[in-house]
Each structure stands twice: as structure tokens, then as C-alpha cells.
1. Of all residues in the range 48-99, which are over 12 Å from the mean Cα position of the chain (by Cα), small (Gly, Ala, Ser) and surrounded by fewer than 24 Cβ atoms within 10 Å (Cβ to Cβ)?
2. Could you tell me whether any residue of the range 166-178 is charged (D, E, K, R), part of a loop (DSSP other than H, G, I, E, B) and free of Cβ contacts under 8 Å to residues at least 12 places away in the same chain?
3. Checking HIS14 against (1) touching an Asp or Glu at 6+ places or on another chain (Cβ under 9 Å); (2) modelled with pLDDT of 95 or more; (3) within 18 Å of VAL56 (Cα to Cα), only one condition comes out false. Which one?
4. ASP174: more than 25 Å from ALA110 (Cα to Cα) and either surrounded by 17 or more Cβ atoms within 10 Å (Cβ to Cβ) or more than 21 Å from the chain's Cα centre (by Cα) (or both), yes or no?
5. Kindly evaluate ARG169 against the criterion of being crowded, with 16+ Cβ neighbours inside 10 Å and over 28 Å from ALA64 (Cα atoms).
6. Condition test on ARG8, is it among the basic types (Lys, Arg) and within 27 Å of GLU191 (Cα to Cα)?
7. List every residue pair whose Cβ atoms lie under 8 Å apart, where the two residues are 6 or more positions apart in sequence or sit on different chains, the first residue falls within the range 184-195 and is of a type in the set (Asp, Glu) and surrounded by 11 or more Cβ atoms within 10 Å (Cβ to Cβ), and the second residue, located anywhere, is modelled with pLDDT under 90 and not in a helix (DSSP H, G or I).
8. What about ALA24, is it open to solvent by less than 30 Å² (accessible area, probe 1.4 Å), among the small types (Gly, Ala, Ser) and modelled with pLDDT of 95 or more?
Amino acid sequence: LLQLVRIRCNNGSHLAEDGEYAKALTELDVATRLADLGGYGMFRGLCLTNRAEALVATGRLDEAAADLDAARSIFQQVAPSMDCYPLTLLGEIYMARGDRSLAVAAFARAVAIATAAVEVQALVPALTGLAWAQLDDDPSAALEAATAAVGHEATVHHAKALIALGWVRTVTGDRGGAVELAERAGQLARERGDHV
């Protein structure tokens, strides 16, 4: 049962990364039910977080927020370092709703947790989100966050980090640098098959 949970959770995550959100949600619904059935709290938190990512991408923010609250409750009890993942998605929800101050707080907390836990896969999206959230009010802080995110090239989120840094460069007047970053992000996305 645990292997089925892990396989379906990973498959759902992969489908979401490919932009196949409906298929991802189907996989993650099953994975979550199986995790409940087996009493696998840690994996239930992971399934809920992955499902929330697909829900955010499809604009179902209230459902995503409910999944993230449940995931955070689990992670805070059994794996506090994992809380950086749902916190980053919560920051995205705040951004989508136009609440930049709550977004900055969520992303900053996620950065702190990911940094302490050396969770680079979580750190890059948290830094990228922090850059977006600070872009209008504090471009220099946004530049610092985006530059730090781009410094971690080995992650699957590198193209998104390049895009964020490109927007920071645009806002700060470096259009040539922004174009170069956009071209790098596009090339990287094509090489990795990153449809999103």
C-alpha cells in the first residue's frame, strides 16, 4: 500500500509539472485516499501538497488552501522541515489574491525553513516567489531573492527562477539582461520538456 501511495503521489507530481492538471488531480486524489487508508501521515501531507499545487494551477484556491492547511498540520507534527513546501504554495495563493504582505511573509518563512533544512528543491521556488512578491515594493530585495534562486541551477525550477530574475531586470531598467534571461529560460524549458 505504501508503494502504491508513493507511486501515485510521484506520478501526480510529475503530471502537474507537465501541466496535466486534471490527470494529476485524479492520481493525487487516489494517493491521498490510500495514504489515509494506510495511516501514512507523512505521505498524506506530501499528497495534499502536490494536490494543492495542481489546484492552484487550475485556480481552485480555496480547495488548495484547505489542502495546504491540512498538510502543514501534518508536517509541523512529523517533519517540520517539510513545511516549506506548503508554505510556498500558500504564498502563491496570497499572490493570486493580491495580498503581497502575506505572500512575502509566507515565502520568507519558507526560505528560512528550506535554508535551515538544506532543501534546495523547496528553496528555489520559495526564493522565486519572494522575488515576485517583493518586485513592486522593494526591487532591490526582489533582485537579491531572484539572484539567489538562479544560483541553484540544478533544480527543476531553474527556468522559473530565470523568468523571475528577468522580470526584476525589466522593472529595474535592464531590458537587455531581461531578454537574455528569457531566452535562457526558454531554451532550458525546451531542453527539459518543461511545457508549463
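The values are calculated or read from the model by the stated rules, or taken from the named source; none is laboratory data. What you see is a predicted model, and the numbers here were worked out from it, not measured in a lab. All Cβ positions, glycine included, derive from the backbone under ideal geometry; neighbour counts span all protein chains shown. Note: accessible area is taken over every heavy atom of the protein model, side chains too, but ligands, DNA and RNA are not part of it. Shrake-Rupley method; radii C 1.70, N 1.55, O 1.52, S 1.80 Å.
1. Hits for the range 48-99 are GLY59, ALA65, ALA66, ALA70, SER73, ALA79, SER81, ALA96, GLY98.
2. Yes, some residue in the range 166-178 is charged (D, E, K, R), part of a loop (DSSP other than H, G, I, E, B) and free of Cβ contacts under 8 Å to residues at least 12 places away in the same chain.
3. Only one criterion is unmet by HIS14, namely (2).
4. Answer is yes for this residue.
5. yes
6. Taking the combined requirement at face value, the residue satisfies it.
7. So the pair list comes out as ASP194/VAL156.
8. In short, yes.
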